[in-house]
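Everything below concerns the one structure shown next.
The values are calculated or read from the model by the stated rules, or taken from the named source; none is laboratory data. Keep in mind that what you see is a predicted model, and the values were worked out from it rather than measured. Cβ: placed from backbone, ideal geometry, glycine included. Neighbour counts: every protein chain shown.
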Amino acid sequence: MQKSTDKSDLLLRLARKGPLRSRELAAQGIPRSYLGRLVAQGLLERVGRGMYQAPNAHITELHTIAETMKRVTHGVICLLSSLQMHGLTTEVPHAVWVLIDTHARAPRSTPSKLEIVRASGSALAHGVEERIIEGVPVRLTSASKTVADCFRYRRHVGLDVAISALREYLTRGRSPKKNRGADFSIEALVAAGTADRVSSVMRPYLEALA
């Protein structure tokens, strides 16, 4: 009885940290049958296929991103979703934007709507950061790479979004004390533009706004 209680308590502690996938239980030595028991008791809730969380879990505005990255572990949050995370837009995206390898499989089932873009080489690897959201490791493009990506994928997000993101980036770059160590420099932006091969596209707008 004590062993069963210990495993239930452990499962609930894990769920309170953020979204929990059923397949993660094996590493903790917890049978999946515990999920059904705790859901029936109202101590756990199912929020998606194979995804659970505690009813009193701390939910942030980025909860959807955390849930998504539990499933798309090979992806990188990008474009509009990354703009939101970096505070470069006040708009809330209608979907979670994810960058994956050109040859990677698109996820079949996710808890939210996805917008997938693809890249390879430096356009995929450059400027990837990691944050912890609700206990979930989330990879996302840096502020500079996000702006460059908006120009690279301007047909997806619109040139107006790219220009607005660039303007906000430059504004943040002029107030380094507010950026908590994040890099909003021109140098970082030029490097990201080079990785994305959009330097020539960005240059006129950068010269006009800088």
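The table that follows gives values for the structure above.
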read-out: Residue in segment 81-119 that is surrounded by the fewest Cβ atoms within 10 Å (Cβ to Cβ), counting only those that are of a type in the set (Gly, Ala, Ser) and farther than 28 Å from Ser175 by Cβ; value: Ser109
read-out: Subset tally (residues that are in a helix (DSSP H, G or I), at pLDDT below 70 and either among the aromatic types (Phe, Trp, Tyr) or in contact with a helix residue (DSSP H, G or I) (Cβ under 9 Å, 6 or more places away or on another chain) (or both)) for segment 1-41; value: 1
read-out: Residue count for segment 63-109, restricted to those that are part of a loop (DSSP other than H, G, I, E, B), within 16 Å of the chain's Cα centre (by Cα) and closer than 21 Å to Ser164 by Cβ; value: 10
read-out: Residue check for Arg131: among the charged types (D, E, K, R) and under 14 Å from the mean Cα position of the chain (by Cα); value: yes
read-out: Hits in segment 120-142 (condition: surrounded by 15 or more Cβ atoms within 10 Å (Cβ to Cβ) and without any contact (Cβ under 8 Å) to a residue 24 or more places away in the chain); value: Glu129
read-out: Counted residues, segment 121-137 - those being in contact with a helix residue (DSSP H, G or I) (Cβ under 8 Å, 6 or more places away or on another chain) and of a type in the set (Asp, Glu); value: 1
read-out: Asp160 being modelled with pLDDT of 95 or more, acidic (Asp, Glu) and out of contact with any Cys (no Cβ under 9 Å at 6 or more places or on another chain); value: yes
read-out: Glu91 among the acidic types (Asp, Glu) and farther than 30 Å from Leu10 by Cα; value: yes
